[in-house]
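See structure below.
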């Protein structure tokens, strides 16, 4: 049994995390923290948790967290994460960090994209990027895992097999990504106010979305070549789900069936990847930890389509995969079916 | 030609008002005001207005408004309305007030339901409640019209014919009302944050919604008896529209067809009322100034169903009806089809 | 371990049933039947099942079903159910019937509301109505359980405690119910075609919805008095969920807190009922087997509000509760959290 | 005054057409035809038309149409259009054809993409493609205009200025297009059944969508070079709107501002094109005849974003533009604001 704290418990990734961990046979949630909602029962913040968990939101110090939990899931905003995480690690608490603070390897790149100096730069280079489908074997033994972004996972999972197999050119891959609104968080603002974004689709953050360097770093690692992407996120009027429609140039001759087989081979034995022949919709994977993907050849281009639930496979589900691997539990515990 | 100012131009009723008035052959919009968005082009607030109107939001004094406009549509929050309106009237500006400040006749009732002392109580008793389908003839000659609430109009329009005709008992009428999210305004807050209210329906403000006394006052006027209602609003995951499902006890023997005919007779010649035989959906009237209604007899109860677009017939459309009647234009100018 | 067949596997209740049963530690699904989709893999019908179940849809005889399964979940349309169920029972297969065929006690009432002569009338009177929160103890030992309707369960669960406790009058209870679109089934038709029902709410089947006699029969049983309801269903633009807003007259003096306590006491120890103080939204229970409910006193009326997921607690979740009780498994197996 | 018939009046483009034409000062609708709904009032098919038009659907011969109407809007399926149109033209009825039958110049290309031999091939080469923003001057004097497809217009309008100005390479332009569900028509089918497509986004018809050759033909005409596109349509859970996100390679050095200016210059004086600086959402143009567009330079690529309402600017609005130009009315009559 592992005792677990969830830091930043009022957001959407936190509530999904709690639901998954309540199903986990080896976990006991011992603390949920929040700076704003001190002493509020967590079920008053998230009514879907009513009767399922009996904890109040607390504003805890690292020491208090360490007294209660062996592992902390850190669902804090970036910069807040890198402030508390070194203290937790020093106190012997293992951490799965759902923020972006430890994803990028280079502090300069972090500063460029996030606009803050990284205050824990030495740990940056050595932190494992927690994408278990690519390198599950690296995760055990580490006490800090950087959990991937939602657009990031979806894009990387779709492209990695074809890049690693040399099937597509690594440069100028176009990622046209579409996300449900929950990806924008639980803090009310005009752009995601219901009457503004309902019945509308639009692009945003063209050329400057922070998942761009993360996608490039991880894909470059995955294929050993410098990968560059044009990443365009869109906001779709639905709660959950990401669809990445990706356009690449073939690097060698291959049929559609060969490309599908390359995907299947790459993810052999991976319980959450489903290589499908049909065109997947986000609803096929909603509320699950699956990533469905397929590939099409058309007019001299390779199209890769991948879908995930942005809050599960894109955040809290993969966080539990990482947790399981850190703690030596079976990777899919609490996550299947 | 009438010059018109729109006060509180950043909200959803304001943008609908602007769109209607841009189609109006006898109106020139000369000012749009806002306290927060001073000097912002109105099309930057509402991108749908791009290229259609060339005005900046301004923070104008009553005197400046009076210099530019003969009529002001006041789409300010309650209390802000009753602060500026006496000044505008004193300066000779006619006003259609879309707030609740002048709807109730009794300052004590206002204070009870709105929690503020009314600062213009003498005008309260004499202000005309602008529901043209009930008393269009009272509106000409007045320089202040209180524009009805959205739930209010929908409920009143459905019930008035049967109450006035003595077909239903005036007491304990149940109004189960359902509204799209735009009715909650343009200010972001958690309850109408997209991922909170999408894919969900819930009731709110049971027993204390401020449209309750307004419905009772106007229906009592309309039938000459004290009317009481149990009013329950619900939030529906859609942009626009109100459906009021209303349950009353019959006060005399009548067939469904007789009740329908009572509705048709009551609204004879009223261009925006459509008495229908089918069960109306809010989509039938979306983006129009129509109110569709029907009636059913079932198990000893009279059911009245009425639908409107909450921003048009429930706010800005009826405001233009009132404006037309005040100014001597044909009631439906700018509003049909 | 119990072997299970799902009859009528292409609909929405079937896919939910499959998902729940895949999580059930004591169930093996051995057959999924369909008349139209013979030999199609079930995951081709429901892509969300891809990789999770390896069965083809088959058009099986009762004998073939009996060879493979100890229990059949019958998700067939009404009349098709009562045709096959006597044969299955004769072959020793236990049945949870999700259709309406065995819910009503009186064959005449069935004929009136469903327009068909009941071909298995003798079994009608003796079949247990499977609402475990009301009479879980009656279910074990039976080999046929009539699974309740979705509107029915939601309405009954909300009203039963107050009727049983004599807090509300049993006559003329108004049930204004709102349902997501999945309740209308998976067969395409114009009324639930996306562009017709999206962004719209409307009432339907006023005075003649088939859940009416079912609600009255079960509530009358629950309180020992003749209950009558005015039941008005509405279609809401969302996938899942039912909200029943119910209006009753108090039968005796009681505070809101006493009414809430009566609910809590009635459902003491029932794992899927959550009596809450806030106004519940359907999203709070979406994708779960919970029924959240509360009560309000306003203007001399008792308002009961109850929410469920129409496909889970309203169909497949309660079916598994019934199955568990029939088979002697713990009632909540496969269903929590 | 022009008398007008609408052929195929039960679909979504027809109802939008009727609404626009009811606002048109020089049009009288004299016939609405349908093969299925003979003698049904058109408002029974489309309840939003209740009280606004008093015509029954009729199954009329070409001769009967010619007796009543000077112009026919043909909203029939492809192949049905080319069957009736030659007869109407022979009888002196002018036609705006909203189907695809006369859009492609080459009968062989038509046969390849539509799977039917074209039965009126000689007229194919000479029919004007009705995109008034590109060649309004060609339309007057013709008695048959091929109205563009919805994806087609949106894509072409966004790309034409930059192709015509030589700013982008004509080959391998990626068009990632997203459409609301009304674009799929009013005939119920599983893919656009509410619970299937709500809360989901997916791609469809990759590499074989029929708007592909149409986009290429018109853009090649517009810039005098062979244009090739990779066109990927997606279904978005909303009623209305198309967003085309388009990726091209620059053909010459230009700043973002120069590209925007090229767009503005190209559409100088065109009332329905709005070149904007922000990223447009489909809601900005919903229920209007506007096409909003902008351009971004990012990582060596030119991104063009264009939005329309698929039923108005993508179908019925542009049809009325074409009609106005054919008949010598001002192009925007009935369509602004």
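The values are calculated or read from the model by the stated rules, or taken from the named source; none is laboratory data. Keep in mind the model is a prediction, meaning the values are calculated, not measured. Don't worry about glycine lacking a Cβ; one is built from the backbone with ideal geometry, like all the others, and counts go over all protein chains shown.
Being closer than 20 Å to residue C:150 by Cα and either touching a helix residue (DSSP H, G or I) at 6+ places or on another chain (Cβ under 9 Å) or part of a strand (DSSP E or B) (or both), is that true of even one residue in region C:254-261?
No, there is no match, as no residue in region C:254-261 is closer than 20 Å to residue C:150 by Cα and either touching a helix residue (DSSP H, G or I) at 6+ places or on another chain (Cβ under 9 Å) or part of a strand (DSSP E or B) (or both).
Is it the case that residue C:140 is out of contact with any strand residue (DSSP E or B) (no Cβ under 7 Å at 6 or more places or on another chain), touching a residue at least 24 places away in the same chain (Cβ under 8 Å), outside the structural domain of residue C:273 (by TED's automatic domain parsing) and part of a loop (DSSP other than H, G, I, E, B)?
Answer is yes for this residue.
Please enumerate the residues belonging to region C:9-33 that are more than 24 Å from residue A:287 (Cα to Cα) and surrounded by fewer than 24 Cβ atoms within 10 Å (Cβ to Cβ). Write out each step before concluding.
Pass one, region C:9-33, residues more than 24 Å from residue A:287 (Cα to Cα): C:30-31, C:33.
The answer is C:30, C:31.
Only one of (1) in contact (Cβ under 8 Å) with a residue 12 or more places away in the chain; (2) on the phi < 0 side of the Ramachandran plot is not met by residue D:193, so which one is it?
(1)
With respect to residue C:195, determine if the residue is assigned to a helix (DSSP H, G or I), over 26 Å from residue B:300 (Cβ atoms) and either within 7 Å of another protein chain (Cβ to nearest Cβ) or within 21 Å of the chain's Cα centre (by Cα) (or both).
yes
If we scan region A:262-271, do we find a residue that is touching a strand residue (DSSP E or B) at 6+ places or on another chain (Cβ under 6 Å), within 13 Å of chain D (Cβ to nearest Cβ) and not in a helix (DSSP H, G or I)?
No, because not a single residue in region A:262-271 is touching a strand residue (DSSP E or B) at 6+ places or on another chain (Cβ under 6 Å), within 13 Å of chain D (Cβ to nearest Cβ) and not in a helix (DSSP H, G or I).
Can you find even one residue in region C:239-260 that is away from chain B (no Cβ under 11 Å) and under 24 Å from residue C:109 (Cα atoms)?
Within region C:239-260 (the criterion being away from chain B (no Cβ under 11 Å) and under 24 Å from residue C:109 (Cα atoms)), the answer is no, since none of the residues qualifies.
Kindly indicate which of A:162, A:131 is away from chain B (no Cβ under 14 Å), surrounded by 23 or more Cβ atoms within 10 Å (Cβ to Cβ) and over 24 Å from residue A:78 (Cα atoms).
A:162 is the lone residue from the list that is away from chain B (no Cβ under 14 Å), surrounded by 23 or more Cβ atoms within 10 Å (Cβ to Cβ) and over 24 Å from residue A:78 (Cα atoms).
Could you please find all residues in region D:198-211 being surrounded by 23 or more Cβ atoms within 10 Å (Cβ to Cβ) and more than 9 Å from every other protein chain (Cβ to nearest Cβ)?
Once the filter is applied, which keeps residues that are surrounded by 23 or more Cβ atoms within 10 Å (Cβ to Cβ) and more than 9 Å from every other protein chain (Cβ to nearest Cβ), region D:198-211 yields only D:211.
Any idea which residue in region B:299-330 is farthest from the other protein chains (Cβ to nearest Cβ), counting only those that are farther than 15 Å from residue B:154 by Cβ, touching a strand residue (DSSP E or B) at 6+ places or on another chain (Cβ under 8 Å) and without any contact (Cβ under 8 Å) to a residue 60 or more places away in the chain?
My answer is B:300.
So residue A:139 ticks every box in (1) at positive phi; (2) buried (at least 19 other Cβ atoms within 10 Å of the Cβ) but one. Which box is left unticked?
For residue A:139, the failing item is (1).
Please specify each residue of region A:299-337 satisfying the condition of being more than 22 Å from residue D:199 (Cβ to Cβ), in contact with a helix residue (DSSP H, G or I) (Cβ under 7 Å, 6 or more places away or on another chain) and not in a strand (DSSP E or B).
Once the filter is applied, which keeps residues that are more than 22 Å from residue D:199 (Cβ to Cβ), in contact with a helix residue (DSSP H, G or I) (Cβ under 7 Å, 6 or more places away or on another chain) and not in a strand (DSSP E or B), region A:299-337 yields A:319, A:320, A:321, A:322, A:325, A:330, A:331, A:333, A:334.
Give the residues of region A:19-56 that are farther than 25 Å from residue A:318 by Cα and part of a helix (DSSP H, G or I), sorted by residue number.
A:44
Hey, does region D:215-236 have a residue that's surrounded by 20 or more Cβ atoms within 10 Å (Cβ to Cβ), part of a helix (DSSP H, G or I), touching a strand residue (DSSP E or B) at 6+ places or on another chain (Cβ under 6 Å) and within 9 Å of chain A (Cβ to nearest Cβ)?
No; the residues of region D:215-236 include none that is surrounded by 20 or more Cβ atoms within 10 Å (Cβ to Cβ), part of a helix (DSSP H, G or I), touching a strand residue (DSSP E or B) at 6+ places or on another chain (Cβ under 6 Å) and within 9 Å of chain A (Cβ to nearest Cβ).
Can you go through A:133, A:171 and tell me which one is assigned by TED's automatic domain parsing to the domain that holds residue A:295 and either in a loop (DSSP other than H, G, I, E, B) or touching a helix residue (DSSP H, G or I) at 6+ places or on another chain (Cβ under 7 Å) (or both)? Break it down into steps so the answer makes sense when it comes.
On the way: A:133 fails: assigned by TED's automatic domain parsing to the domain that holds residue A:295.
When all the criteria are applied, what remains is A:171.
Listed here are the residues, each with its yes/no results for (1) outside any strand (DSSP E or B); (2) in the same structural domain as residue B:215 (by TED's automatic domain parsing); (3) touching a residue at least 24 places away in the same chain (Cβ under 8 Å); (4) surrounded by fewer than 16 Cβ atoms within 10 Å (Cβ to Cβ).
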| residue | (1), (2), (3), (4) |
| --- | --- |
| B:73 | no, no, yes, no |
| B:76 | yes, no, yes, no |
| B:87 | yes, no, yes, yes |
| B:96 | no, no, yes, no |
| B:104 | yes, no, yes, no |
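For residues that are in a helix (DSSP H, G or I) and under 18 Å from residue A:245 (Cβ atoms), tally how many sit in region A:203-214.
Selection size over region A:203-214: 2.
Considering only region B:50-59, I want to know if a residue exists there that is more than 29 Å from residue D:277 (Cβ to Cβ) and over 21 Å from the mean Cα position of the chain (by Cα).
Looking through region B:50-59, none of the residues is more than 29 Å from residue D:277 (Cβ to Cβ) and over 21 Å from the mean Cα position of the chain (by Cα).
State the number of residues belonging to region C:137-163 that are over 25 Å from residue C:282 (Cα atoms) and more than 12 Å from the chain's Cα centre (by Cα).
Total meeting the criteria: 8.
Within region A:144-156, can one find any residue that is surrounded by fewer than 19 Cβ atoms within 10 Å (Cβ to Cβ), over 25 Å from residue A:228 (Cβ atoms) and either without any contact (Cβ under 8 Å) to a residue 24 or more places away in the chain or in contact with a strand residue (DSSP E or B) (Cβ under 9 Å, 6 or more places away or on another chain) (or both)? It would help to see each step written out before you state the result.
Start the filter on region A:144-156 by keeping residues that are surrounded by fewer than 19 Cβ atoms within 10 Å (Cβ to Cβ), which leaves none.
No, region A:144-156 contains no residue that is surrounded by fewer than 19 Cβ atoms within 10 Å (Cβ to Cβ), over 25 Å from residue A:228 (Cβ atoms) and either without any contact (Cβ under 8 Å) to a residue 24 or more places away in the chain or in contact with a strand residue (DSSP E or B) (Cβ under 9 Å, 6 or more places away or on another chain) (or both).
Test of understanding: among D:296, D:274, which residue is free of Cβ contacts under 8 Å to residues at least 40 places away in the same chain, touching a helix residue (DSSP H, G or I) at 6+ places or on another chain (Cβ under 9 Å) and either away from chain A (no Cβ under 14 Å) or part of a strand (DSSP E or B) (or both)?
Result of the check over D:296, D:274: D:274.
Filter region D:35-44 down to residues that are at pLDDT 95 or above and in contact with a strand residue (DSSP E or B) (Cβ under 8 Å, 6 or more places away or on another chain) and give me whichever is surrounded by the most Cβ atoms within 10 Å (Cβ to Cβ).
Only one residue tops the list, namely D:42.
Would you mind telling me which numbered condition in (1) in the same structural domain as residue B:169 (by TED's automatic domain parsing); (2) more than 20 Å from residue B:173 (Cβ to Cβ) residue B:262 fails?
The failed condition is (2).
With respect to residue B:185, is the statement that it is within 14 Å of another protein chain (Cβ to nearest Cβ) and within 21 Å of residue C:203 (Cα to Cα) true?
No.
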